[in-house]
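The values are calculated or read from the model by the stated rules, or taken from the named source; none is laboratory data. It should be emphasised that the depicted structure is a prediction, and the values quoted were computed from it without experimental measurement. Please note: Cβ atoms are built from the backbone with ideal geometry, for glycine as well, and neighbour counts cover all protein chains shown.
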Amino acid sequence: MSSDSMRIEKFEYDNKTVRNFAVAMMLWGIVGFLVGIMVAIKLRFPEFLGGVDFLSYGRLRPLHTNAVIFAFAGNAIFAGVYYSLQRLCKARMWNDLFSKLHFWGWQFIIVCAALTLPLGITTGKEYAELEMPIDILIALVWVIFGVNMMMTIFKRRERHIYVAIWFYISTFATVALLHIVNSFELPVSFLKSYSAYAGVQDALVQWWYGHNAVAFFLTTPFLGMMYYFIPKAAERPVYSYRLSIVHFWALIFLYIWAGPHHLLYTALPDWAQSLGTVFSFMLIAPSWGGMVNGLMTLRGAWDKVRENPVLKFMVVGVTAYGMSTFEGPMMSLKNFNALTHYTDYIIGHVHIGALAWNGGVGFAMLYYIFPKMYRTELFSKKLANWHFWFMTLGIVLYGVSMYWAGIAQSLMWKEFNADGSLKYPLFLDTVTQILPMYMIRIVGGTLYLVGSVIGVWNIFKTAKQGKLVANEAAEAAPLAAQPEIRSEHDKTWHRFLERRPLRFTVWAVVAVLIGGLVEFIPTFLVKSNIPTIASVKPYTPLEVQGRDIYIREGCYTCHSQMIRPFRSETERYGEYSKAGEFVYDHPFQWGSKRTGPDLHREGVIRPEAGWHFKHMNDPRSTSPNSIMPAYTWLYNRNTDWQSTEGKIITLRKLGVPYPDGYEGQALADAKKQAQGISDYLTKSGFTTDSDKEIVALIAYLQRLGTDIKGNKTASN
């Protein structure tokens, strides 16, 4: 044997960066869970923390979702990737400076989100609410992470890249693609921009992004962690290498098509809805393949599961992954979707995924890596068991209550009397019916938070009794010095790709691009897919200002603007929504959850300015038992007239047909319309200044649905 083949290189793993991401995961997780409980309490008791704009439900809810997805789960991903990737590649991360820039850059992004979202600085696109400067920063930090990861893979000391790394590669490439495409915006000012897409096109892009952010940010990296930490903790090889190949390629190819299932029965073209349904249903196979591969790896190791906290949390997480990935395809079928969409059932579904799948795998990872990095034993298995049972019971209470509430909502919305009238014509009838379920949700979320605090304390005590090995010594032969032993197994096409990470990445991107291109090209290039309606006109300058206030306050988190072609909805809200009605909407505001009634025909149903004036100040004065919070600050704050000209210019650049030079007249028109509404309110017994934001918001609400005269109704 030559001296080269015997050469061994000594190197060190970077545990400090892993520790930093893990600590950030725990801290931001507690914050995200706490804000979630605050949001849940505000839904049941609307005056809780009331009267303060930055603590309103519509502003805290996006903060909660961003904190749990990008701060808690995001830091969990990076901790898991940095720990496992170094060991799978037998190499330190490529560049320590890049690791530091990644960590501090990501935390700075989280802080920016925590500051801007409560201030109402938002794009109004779910899970993509952050404004353009932060979007640019996200892209830069993500590239730093990706370069650091890919260069580590290139300098590896293992010939074949392990299955976990396949999922990490697909995560980096696809999330970059999703973020960049969905974030095309045109700025009005430094912290205000409008989506480059409008209406139906914006909806397609947003849910292509939204669903696949779940797929490639909350699923694929956690699957990679599953494939690493379960075999390590169980001391068993992965159940099936072949199944992992099928699981990976089928998953990334099929997932990207599934976004339109969030838009069933909407104004999205039927062919796109059908594609989303077909591919969503097909996703059951690869998703369950991954679940089976994870759980079957534990065959013969169930005694360890009872004793090992890592495996306990993994089993719950992987089982929840299987449940969620069965439930998701079922809800993409139109008959199921007609019952579950816009209801609290969706809330239950996503929280099972976030709390059990992401939380379970994330906490399992923490219980594994901290004793290893600190060269000690877990402080307390008893505390880990308490954490496990608090978490599990909290998830059960949360899920069951939301499923129950969602089914109750849906059935009540659709029920008719014998004479053909709606049995529950008032939307509030469904709200009051499910209030006990909202209380149970609070209890479930609180139990989960208590469990998390116990877990964090256990990890802290574990670290305190040991000492961090910041630079863990390791050794391995360099790749060039390793003899290449080629078996028949190594001659397969996949083994070929595993030795060539760049080609592997290219093929992964190709697999992902196919579905997106098939859905986007016809929607953007074939005009007949998005027909226009002659009576639909651009928003007036005052209505633009009111719409931006609507978006700032997060009204889309509770109200949809999409009437589906169901008799129960047309009876309640009026004429169903058409694609051509949204051609000037930057961004679209179809919503994904109805805590309150649909507002697409609000201007037809309730044109009375006085009603809106009373309702926004004290919702229970017009709607007894309402759980909507008051928006008292709108009566004291002046409309930002200075931004009017810039908004009109920007919207015209995006294709809204304002006349050339109209920006010079826009402010005068806005003030004239505002004065008319103010004068009307004064005559009706309400006193307000025409400059106040409430006047602009009323102008927008009065406009909704009036371009197409639907059946006037007051069922809400």
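Okay, residues lined up against (1) more than 20 Å from residue 149 (Cα to Cα); (2) not small (Gly, Ala, Ser):
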{"position": "35", "(1), (2)": "yes, yes"}
{"position": "38", "(1), (2)": "yes, yes"}
{"position": "47", "(1), (2)": "yes, yes"}
{"position": "57", "(1), (2)": "yes, yes"}
{"position": "76", "(1), (2)": "no, no"}
{"position": "80", "(1), (2)": "no, no"}
{"position": "94", "(1), (2)": "no, yes"}
- Hey, residue 175 part of a helix (DSSP H, G or I) and surrounded by fewer than 20 Cβ atoms within 10 Å (Cβ to Cβ) or not: no
- Message: Just the residues that are closer than 21 Å to residue 439 by Cβ and surrounded by fewer than 20 Cβ atoms within 10 Å (Cβ to Cβ), please, taken from region 398-423.
- Response: 400, 404, 407, 408, 411, 412
- For the subset of region 207-228 comprising residues that are within 26 Å of residue 263 (Cβ to Cβ), in a helix (DSSP H, G or I) and out of contact with any Phe, Trp or Tyr (no Cβ under 7 Å at 6 or more places or on another chain), which member is modelled with the lowest pLDDT? 214
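Matching residues to (1) at pLDDT 95 or above; (2) within 30 Å of residue 250 (Cβ to Cβ):
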residue	(1), (2)
482	no, no
495	no, yes
524	no, yes
576	yes, no
- Could you tell me which numbered condition residue 316 fails, if it satisfies all but one of (1) buried (at least 24 other Cβ atoms within 10 Å of the Cβ); (2) in contact with a Ser or Thr (Cβ under 9 Å, 6 or more places away or on another chain); (3) assigned to a helix (DSSP H, G or I)? (1)
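Among the residues of region 524-552, write down those that are touching a Leu at 6+ places or on another chain (Cβ under 8 Å) and not aromatic (Phe, Trp, Tyr). Steps first, please.
So in region 524-552, the residues touching a Leu at 6+ places or on another chain (Cβ under 8 Å) come out as 538, 541, 544, 546, 549-550.
If the condition is that a residue be touching a Leu at 6+ places or on another chain (Cβ under 8 Å) and not aromatic (Phe, Trp, Tyr), then 538, 541, 544, 546, 549 are the ones that fit.
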- Given the conditions (1) in a helix (DSSP H, G or I); (2) closer than 30 Å to residue 201 by Cα; (3) touching a residue at least 24 places away in the same chain (Cβ under 8 Å); (4) not basic (Lys, Arg), report the number of the one that residue 673 does not fulfil. (2)
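Taking the condition touching a strand residue (DSSP E or B) at 6+ places or on another chain (Cβ under 8 Å), surrounded by 16 or more Cβ atoms within 10 Å (Cβ to Cβ) and either under 29 Å from residue 121 (Cβ atoms) or small (Gly, Ala, Ser) (or both), does residue 704 pass?
Numbers: touching a strand residue (DSSP E or B) at 6+ places or on another chain (Cβ under 8 Å): no; surrounded by 16 or more Cβ atoms within 10 Å (Cβ to Cβ): yes; either under 29 Å from residue 121 (Cβ atoms) or small (Gly, Ala, Ser) (or both): yes.
Considered against the rule, which asks whether it is touching a strand residue (DSSP E or B) at 6+ places or on another chain (Cβ under 8 Å), surrounded by 16 or more Cβ atoms within 10 Å (Cβ to Cβ) and either under 29 Å from residue 121 (Cβ atoms) or small (Gly, Ala, Ser) (or both), residue 704 comes out as no.
How many of the residues in region 648-668 are in a loop (DSSP other than H, G, I, E, B) and among the small types (Gly, Ala, Ser)? Break it down into steps so the answer makes sense when it comes.
At the first step, the residues of region 648-668 found to be in a loop (DSSP other than H, G, I, E, B) are 654-662.
Now drop any that are not among the small types (Gly, Ala, Ser), which leaves 655, 661.
Looking only at that region, the number is 2.
Got a sec? Which of 231, 237 is more than 18 Å from the chain's Cα centre (by Cα), in a loop (DSSP other than H, G, I, E, B) and either assigned by TED's automatic domain parsing to the domain that holds residue 168 or crowded, with 22+ Cβ neighbours inside 10 Å (or both)? Give the steps one after another, and end with the answer.
On the way: 231 fails: in a loop (DSSP other than H, G, I, E, B).
Selected residue: 237, the only one of 231, 237 that is more than 18 Å from the chain's Cα centre (by Cα), in a loop (DSSP other than H, G, I, E, B) and either assigned by TED's automatic domain parsing to the domain that holds residue 168 or crowded, with 22+ Cβ neighbours inside 10 Å (or both).
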- For region 681-691, name all the residues that are surrounded by fewer than 19 Cβ atoms within 10 Å (Cβ to Cβ) and closer than 17 Å to residue 543 by Cα. 689, 691
- Item | Residue that is nearest to residue 225 (Cα to Cα), among those in region 32-66 that are free of Cβ contacts under 8 Å to residues at least 60 places away in the same chain and either in a helix (DSSP H, G or I) or among the hydroxyl-bearing types (Ser, Thr, Tyr) (or both) | 32
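So which of 147, 200 is of a type in the set (A, V, I, L, M, F, W, C) and farther than 24 Å from residue 525 by Cα? Don't jump to the end; show me each part of the working.
Values: 200 fails: farther than 24 Å from residue 525 by Cα.
None of the other options fit; the residue is 147.
Could we say that residue 374 is in contact (Cβ under 8 Å) with a residue 40 or more places away in the chain, of a type outside the set (A, V, I, L, M, F, W, C), touching a Pro at 6+ places or on another chain (Cβ under 9 Å) and closer than 23 Å to residue 78 by Cα here? Walk me through how you get there before you give the answer.
Details: in contact (Cβ under 8 Å) with a residue 40 or more places away in the chain: yes; of a type outside the set (A, V, I, L, M, F, W, C): yes; touching a Pro at 6+ places or on another chain (Cβ under 9 Å): no; closer than 23 Å to residue 78 by Cα: yes.
No; evaluated as a whole, the condition is false for this residue.
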- Message: Tell me yes or no: at least one residue of region 650-669 is in contact with a strand residue (DSSP E or B) (Cβ under 7 Å, 6 or more places away or on another chain), under 26 Å from residue 46 (Cβ atoms) and surrounded by fewer than 15 Cβ atoms within 10 Å (Cβ to Cβ).
- Response: no
- Task: Evaluate the following for residue 532: is it β-branched (Val, Ile, Thr), at pLDDT 95 or above and surrounded by fewer than 24 Cβ atoms within 10 Å (Cβ to Cβ)?
- Result: no
- Output yes when any residue across region 130-153 is under 19 Å from the mean Cα position of the chain (by Cα) and not in a helix (DSSP H, G or I), and no when none is. yes
- Message: Residues that are buried (at least 20 other Cβ atoms within 10 Å of the Cβ), closer than 19 Å to residue 73 by Cβ and touching a Leu at 6+ places or on another chain (Cβ under 7 Å): does region 3-20 have at least one?
- Response: yes
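I need the helices (runs of 4 or more DSSP H) fully contained in region 545-647, keeping only those with at least 2 residues that are out of contact with any Asp or Glu (no Cβ under 7 Å at 6 or more places or on another chain) and either under 29 Å from residue 193 (Cβ atoms) or in the same structural domain as residue 207 (by TED's automatic domain parsing) (or both).
Details: elements: 567-573, 602-605, 609-617, 619-622.
Output list reads 602-605, 609-617.
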- Could you list, in sequence order, all residues of region 155-183 that are more than 20 Å from the chain's Cα centre (by Cα) and not hydroxyl-bearing (Ser, Thr, Tyr)? 155, 156, 157, 158, 159, 160, 161, 163, 164, 165, 166, 169
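Is one or more of the residues making up region 100-109 under 23 Å from residue 228 (Cα atoms), at pLDDT 95 or above and in a helix (DSSP H, G or I)? Before you say what the answer is, go through the steps one by one.
As a first pass, look at region 100-109 and keep what is under 23 Å from residue 228 (Cα atoms): 102-103.
Of the ones still in play, those that are also at pLDDT 95 or above are 102-103.
If we keep only those that are in a helix (DSSP H, G or I) too, we end up with 102-103.
Yes, region 100-109 contains a residue that is under 23 Å from residue 228 (Cα atoms), at pLDDT 95 or above and in a helix (DSSP H, G or I).
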- Search result, residues across region 193-227 that are β-branched (Val, Ile, Thr) and surrounded by 24 or more Cβ atoms within 10 Å (Cβ to Cβ): 200, 205, 219, 220
- In region 488-532, which residue that is closer than 30 Å to residue 269 by Cβ and of a type in the set (Ser, Thr, Tyr) is nearest to the chain's Cα centre (by Cα)? 523
